[in-house]
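Undergrad: Below is a structure I'd like to ask you about.
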Amino acid sequence: MAYYRKLDNGIRLVIHEMPQTMSVSIGIAVRAGGAFETDAEDGISHFIEHMMFKGTPTRNYLQISEDFERIGSLSNAYTGKDTTMYYIKSTAEHMEETFDILADFFLNSTFPEEEMEKEKGVIIEEIMRSEDDPDDVCDDLIGYAAFGNTGYGRNMLGPESNVKGFTKDAMRAYMAKRYVPENIVIAMAGNIDINAAVAMVEKWFGSMPAVKGSCSEVPVKFLNQSLVITKKEVKQAHVDICFPGVSKEDPMSDAVSLLNSILGGGLSSRIFQTVREKMALAYDVGSYPAFYKETGIFIVSGGFKASKYMQAVDAIFGCIHDLKKNITPDEFSKAKEQFIASTIYNQESTNSMMTLFAKSMLLSDRLYDPEKRIAEIKKVSIDDLYAAAERVFVDSEASFSLVGPFEEPIPKRA
């Protein structure tokens, strides 16, 4: 069982020992992201993530990178819909030195004005690159189709006008709401001396004020829209189909994951075999679920021949309708074995285990238990899959996004 401790100020610390490894992965997970932003803040979570690496009172941006690299450590970060994660990987020998650098920029970033202006340019380039990629455009559009430009419908980057206007005061105001102890989890996995790890966390984070911030849930309302963005220069039809799914803690979440494996989660899945291998309408097509604290989504996406994309859409719905009526024992067994295997493989990676422990504690306030997870997956029955399919795959609740040389959106299903 992993070590768990809640600091006096409310920060949660989880440590998973993996003594067979020679490395350590550490992450600081924050309940911040696009889903929590107002219109004026749209994109600020991502901007803050970038700016965290740009300098502290004792290190400039170059020194932060050099200090990590001098001891062979790796560092990175990402912003999601509901989580921002700062993470490092080091040898066990250099764990404390690496954590000191991570903690320094997490707690003491100064957001230099000159670096802010440079990073705005970097992120605007990122926005333009995303706008030039029809897959990215389609993925953003399906969020708007399902939720509107709010909550889980927001993308991470925000509009260019917002990025240009972000100020240090706006960043600090947002962090005062979201970057508070009760919204922070520190997770570690690897070859770790627990006493040493606890001491270094207390040293850096023990004195962080136990202020109250915003811990509200994300409002959820599915709009079930069908939207199109016309791009004459794009030669394929890029399509996303989104169904309302289930939340991270929903009892059906494992059944939905197994359904995904059968429907579109791999090369032998029904959609891939039908739309690509048999009909030759796509190079890449598949599906995936996303599980949030309050809700979830199930997405099917692909790029199709522009002249035949509705054939592909009809074929996808045909696969879904058939899945609701007929799941073979072989498909069920294979999906379950794949899920169990991926859970086991995660246990061999310090980074995977750190992430699983961090997100479980941040979003569900519970310790991740690898053995319990395998037992839960084994309990799922084929009847559970049929029940989940009936709940998730409702034609009239599907949202659509379409990007390509088209004027009209995909017709809604009755």
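The values are calculated or read from the model by the stated rules, or taken from the named source; none is laboratory data. Predicted, not measured: the structure shown is a model, and the values here were computed from it. Neighbour counts are summed over all protein chains in view; Cβ atoms, including those assigned to glycine, are modelled from backbone coordinates with ideal geometry. Accessible surface areas use protein heavy atoms only, side chains included; no ligands, DNA or RNA. Shrake-Rupley method; radii C 1.70, N 1.55, O 1.52, S 1.80 Å.
Undergrad: Excluding Lys359 itself, what net charge comes from residues whose Cβ is under 15 Å from its Cβ, given Lys and Arg +1 and Asp and Glu -1?
TA: +2
Undergrad: Given just the C-alpha atoms of segment 276-414, how large is their convex hull per residue in cubic angstrom?
TA: 159 Å³
Undergrad: Something else now. How big is segment 215-257 in terms of Cα radius of gyration and Dmax, in angstroms?
TA: My reading of the Cα-based Rg and Dmax gives 16.0, 45 Å.
Undergrad: Quick check: net charge around Asp193, other residues with Cβ under 10 Å of its Cβ, Lys/Arg +1 and Asp/Glu -1? Numbers along the way, then the final one.
TA: On the way: positive: none; negative: Glu17, Glu96.
Once all neighbours under 10 Å are counted, the net charge is -2.
Undergrad: Given the pairs Lys81/Lys359; Lys324/Lys372; Lys81/Lys325; Lys232/Lys305; Lys164/Lys235, which span a C-alpha to C-alpha distance of over 22 angstrom in this model?
TA: Lys324/Lys372; Lys81/Lys325; Lys164/Lys235
Undergrad: Please compute the volume of the convex hull spanned by the alpha-carbon atoms of segment 191-346 and report it per residue in Å³.
TA: Looking at segment 191-346, the number lands at 214 Å³ per residue.
Undergrad: How high is the relative contact order of segment 235-349? Use alpha-carbon pairs under 8 Å, at least six apart in sequence, and give a whole percent.
TA: The normalised contact order for segment 235-349 reaches 32 percent.
Undergrad: Once the Cα gyration tensor of the chain is found, what semi-axes does its equivalent ellipsoid get, as square roots of 5 times the eigenvalues, in whole Å, sorted largest first?
TA: Working from the Cα gyration tensor, I get semi-axes of 38, 27, 18 Å.
Undergrad: Give the relative contact order (percent, whole number) for the chain; include only Cα pairs under 8 Å separated by 6+ residues.
TA: 23 percent
Undergrad: Still on this structure, please answer the following. Using the C-alpha gyration tensor of segment 1-106, what are the square roots of 5 times its eigenvalues, in whole angstrom, with the largest one first?
TA: Those come to 25, 20, 12 Å.
Undergrad: Report, largest value first, the span of the C-alpha coordinates of segment 40-191 along each principal axis, in whole Å.
TA: 49, 34, 32
Undergrad: Taking K and R as +1 and D and E as -1, what net charge do the other residues with C-beta under 11 Å from the C-beta of Pro244 add up to?
TA: Values: positive: Lys221, Arg391; negative: Glu397.
Local net charge: +1.
Undergrad: Next up: Calculate one ³J(HN,Hα) per residue across segment 168-173 by plugging θ = phi - 60° into the Karplus curve 6.51 cos²θ - 1.76 cosθ + 1.60, and present them in order as whole Hz with x for glycine and proline.
TA: Result, rounded to whole Hz: 4, 4, 5, 5, 5, 5.
Undergrad: Let me ask another. Using DSSP to define loop residues, name the GluC sites (Glu not before Pro) in segment 306-414 whose beta-carbon has at most 16 other beta-carbon atoms within 10 Å.
TA: Counting only loop positions with at most 16 other Cβ atoms within 10 Å, the GluC sites (Glu not before Pro) in segment 306-414 are Glu348, Glu407.
Undergrad: Can you give me the distance in nm between label points at Asp383 and Tyr3, each placed 7 Å from the Cα along the Cα-to-Cβ direction?
TA: Taking the two extended label points, one gets 4.5 nm.
Undergrad: Just to be sure I follow: if Rg is taken over the C-alpha atoms of segment 191-232 and Rh is the Kirkwood radius over the same atoms, what is Rg/Rh? Intermediate values should be presented prior to the final figure.
TA: Details: Rg = 22.8 Å, Rh = 16.0 Å.
My calculation of the ratio gives 1.42.
Undergrad: Whole number please: convex hull volume per residue, Cα atoms of segment 90-136, in Å³.
TA: Working: hull volume 5.3 nm³, N = 47.
Dividing the Cα hull volume of segment 90-136 by its residue count gives 113 Å³.
Undergrad: Across segment 73-85, in residue order, what do the Karplus-derived ³J(HN,Hα) couplings come to in whole Hz, using 6.51 cos²θ - 1.76 cosθ + 1.60 with θ = phi - 60° and x for Gly and Pro?
TA: With the stated coefficients, segment 73-85 comes to 8, 10, 9, 6, 7, 8, 10, x, 4, 10, 9, 10, 10 Hz.
Undergrad: Average projected area of the Cα convex hull of segment 306-378, in nm²?
TA: Values: hull surface 31.1 nm².
Projected area, direction-averaged: 7.8 nm².
Undergrad: Still on this model: From the phi of every residue in segment 375-388, what ³J(HN,Hα) in whole Hz does the Karplus formula 6.51 cos²θ - 1.76 cosθ + 1.60 yield, where θ is phi - 60° and glycine or proline is x?
TA: My calculation for segment 375-388 gives 4, 5, 5, 5, 6, 5, 9, 5, 5, 4, 5, 4, 5, 5 Hz in order.
Undergrad: Jot down the radius of gyration and Dmax of segment 196-285, Cα atoms only, both in angstrom.
TA: Gyration radius and largest Cα-Cα distance of segment 196-285: 22.3, 62 Å.
Undergrad: How about segment 21-81: which trypsin sites (Lys or Arg not before Pro) there are in a DSSP loop, with at most 10 other Cβ atoms within 10 Å of their Cβ?
TA: Answer by residue number: there is no such site.
Undergrad: How much of the accessible area of segment 229-323, probe 1.4 Å, is carbon plus sulfur, in whole percent?
TA: 51 percent
Undergrad: Still on this model: Long-range amide H contacts for Gly245: which residues qualify at under 5 Å (H placed 1.01 Å from N, peptide plane, sequence gap of 5 or more or a different chain)?
TA: The answer is Gly296, Ile297, Phe298.
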